[in-house]
Amino acid sequence: MNGTKVLVADDDINVIEIIRLYFSQHHIELIEAHDGSEAVRLAGLEKPDAIILDVMMPVMDGYEACREIRKTMDTPILMLSAKGEEFDRVLGLELGADDYITKPFSPRELVARIKAIFRRIQPRVSEEKEAVVQEIRFSDLVIDLQGRQVIVAGEKVAFRPKEFDLLVFLARSSGSVFTREQLLEQIWGYDFFGDIRTVDVHIKKIRQHLAALPYECIHTVWGVGYKFEVETCSD
């Protein structure tokens, strides 16, 4: 979640600090608010990727803040409260919240819920991108997004579904380095509990599929992970 910006509104300083410490470990930027009114203002000003609203806050409670934010923004909202009754959960969801978590909670679960929300909205984002970009093309390499086909040096090469998804993800972010954990999260999902070496196996398969290319495009960044970058050979 590198570069993700999350607005957290809670009048409990201890809760804010716990979240801050965990967010910093995962390179998540924290925007801090202490009441609902401030949360509404900062949401419009900072344009966060996700918003966490405590239900019980001074000046304006989380429900009202959620209602106000939803008038102008469709940013994912997660409600946070010590209340666990069904009525409270339903009310938050009816006002436009995407999820609801009760106190006490673990910061890990909070981040997992945010990631789950992102995964639910990701297909819509991907469809919008693919409506504009039908293929990714490099010298001697064509990735057909619509037909889920890969043409290597003029020949169609069969990729298994996860191999194709992994290649597309890396190719779309050419030059960017991703850890194995990040690739697992993006391709297999946050809840995948298999061996992290699954990524290495799939990278090896992709390299075999692309062996006919006159250049390397999947590069190992030692101590970090992998990146896609086309480096054509020069005479």
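Karplus-derived 3J(HN,Hα) values for the stretch 4-16, using 6.51 cos²θ - 1.76 cosθ + 1.60 with θ = phi - 60°, are 6, 10, 10, 8, 10, 10, 7, 8, 8, 4, 4, 4, 4 Hz; glycine and proline are entered as x. The calculated FRET efficiency for the pair ALA82 and ARG160, based on their C-beta separation and a Förster distance of 45 Å, comes to about 0.45. Annotation: amide H of ILE52 within the under-5 Å range of LEU7, VAL8, ALA9, LEU78, sequence separation 5 or more or interchain, hydrogens built in the peptide plane. Distance between the modelled labels on GLU46 and ILE18, one decimal in nanometres: 2.0 nm (7 Å Cα→Cβ projection). Model label sites at VAL201 and ASP11, defined 7 Å from Cα along the beta-carbon direction, differ in position by 5.3 nm.
Amide hydrogen proximity for VAL230: with H placed 1.01 Å from N in the peptide plane, no residue at 5 or more positions away or on another chain lies under 5 Å. Phi angles across the stretch 90-103 convert, under the Karplus curve 6.51 cos²θ - 1.76 cosθ + 1.60 with θ = phi - 60°, into 3J(HN,Hα) values of 5, 4, x, 5, 5, 7, x, 5, 8, 7, 9, 10, 9, 7 Hz, Gly and Pro given as x. Counted residue by residue at 0.36 nm each, then reduced by the alpha carbon distance between them, the extension gain from ASP144 to GLN208 reaches 21.2 nm.
Cross-link check: pairs LYS47/LYS103; LYS156/LYS227; LYS47/LYS205; LYS5/LYS204; LYS47/LYS162 evaluated at a Cα-Cα cut-off of 29 Å; pairs beyond the cut-off: LYS47/LYS205; LYS5/LYS204; LYS47/LYS162. For GLU135, the residues whose amide H sits under 5 Å from its own are LEU145, ignoring neighbours fewer than 5 places away on the same chain, with H placed 1.01 Å from N.
Just so you know, all these numbers are worked out from the coordinates, no wet-lab data involved. Only a predicted model underlies this, so the values are computations on that prediction, with no experimental measurement involved. Cβ sites come from the backbone with ideal geometry, for glycine too, and all protein chains shown count toward neighbours.
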